[in-house]
Amino acid sequence: MPRPGPRIIITGASSGIGRALALEYARRHPDAVFGLIARSHDRLEQLGRELAPATVRSFALDITDRAALEAAAQCFMDEFCAPDLVIANAGISAGTLTAERADRDVFKRIIDVNVTAMFDTFAGFLPAMRARGGGTLVGVASVAGIRGLPGSGAYSASKAAAIAYLESLRLEEHDHGIAVVTLAPGYIRTPMTAHNRYPMPFLMPVEAFASRAVEAIAAGRSFVVIPWPMRGVAVLLRAMPNWLFDALFRRAPRKARVLED
């Protein structure tokens, strides 16, 4: 009996980057087995139909509900065994200001979704992947994690934390045969970026992003910035002295203070 295709978990799968990654993997691997995680049952069901003939199991849940996430992971593994690939993509964004007390809950929600839930996503599958001796974990960070931008404290902090966390995880899992890949998107055309009220250099269609991301994951690249021109921007920002960075960016346009996901 032929072995089924790759077993792939994707969080935040119902829209944007997560949806595009699922479609790209299904195009390349029609025999793939997907575990799709997002809040919207209806959008997950629609995506599942679009992924045919791939096998799909959908789990409609809030990614910050650890018990529900653990139950979904166990349900998937009971049926299909450990996944080959886990993509922690779920993320939200909003402008936040520390001087606005009302933004505290938004700040915490962004950290919970973008950082803590990434840990919880991997934790649900990692013991089984270690026992099998292989697999790949992918975290979706952002170029926004390279330097903090005004009005984006929560989002920049969450993506910087994701980058550092994934680097630590890569070192931890090396001897267990598990690869860890950090994806750092620049500006990608998704429902999340549709809310941005400022110019977005090198804005990239989400389908093109997904194609390049899948190739980078397959190549086992540890850290990849997409699109490629943003790599130079990221290197420049990281190297820029604070006095110059402050002069250039302290009056930069700010994210809307409306939660985006």
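Rounded to the nearest 10 degrees, the angle from helix 153-173 to the longest Cα principal axis of the chain is 40 degrees. Length gained on full extension, Cys75 to Arg251: 58.5 nm, using 0.36 nm per residue less the C-alpha separation. Each peptide among 168-174, 247-253, 8-14, 186-192 gets the average number of other Cβ atoms lying within 10 Å of its residues, and from highest to lowest they stand as 8-14, 186-192, 168-174, 247-253.
Highest GNM mean-square fluctuation among Ala102, Ala162, Ala213, for the chain modelled with Cα contacts below 10 Å: Ala102.
Are there any chymotrypsin sites (Phe, Trp or Tyr not before Pro) in segment 1-65 that are in a DSSP loop and have at most 12 other Cβ atoms within 10 Å? List them by number. Before the final figure, lay out the partial values.
Details: sites: Tyr25, Phe34, Phe59; in loops: none.
Listed in order of number, the matching sites amount to none.
Annotation: amide H-H contacts under 5 Å for Val180 (H modelled 1.01 Å from N, sequence separation of 5 or more, or interchain): Leu137. Using C-alpha pairs below 8 Å separated by at least 6 residues, the relative contact order for the chain is 19 percent.
Summarising the amide proton neighbourhood of Arg7: residues at separation of 5 or more, or on other chains, whose placed amide H is nearer than 5 Å comprise Val33, Asp84, Leu85. Between the Cα long axis of helix 229-239 and the first principal axis of the chain there is an angle of about 60°, rounded to the nearest 10.
I'd like the distance separating the alpha-carbon centroids of segment 163-186 and segment 1-64, in whole Å. Spelled out, the Cα-based centre of one part sits 22 Å from the other.
Over all directions, average the projected area of the Cα convex hull of segment 1-153 and note it in nm².
Details: hull surface 40.2 nm².
So the Cα hull casts an average projection of 10.1 nm².
Residues whose amide H comes within less than 5 Å of that of Arg39, counting only those at least five positions distant or on another chain, are Leu61 (H built at 1.01 Å from N in the peptide plane).
Using R0 = 22 Å, the C-beta based FRET efficiency linking Arg130 and Arg66 works out to 0.65.
Quick note: the coordinates plus some simple rules give every number you see, no bench work behind them. Here the structure is a predicted model, which is why all the values come from computation and not from measurement. Note that we place each Cβ from the backbone using ideal geometry, even for glycine, and neighbour counts take in every protein chain shown.
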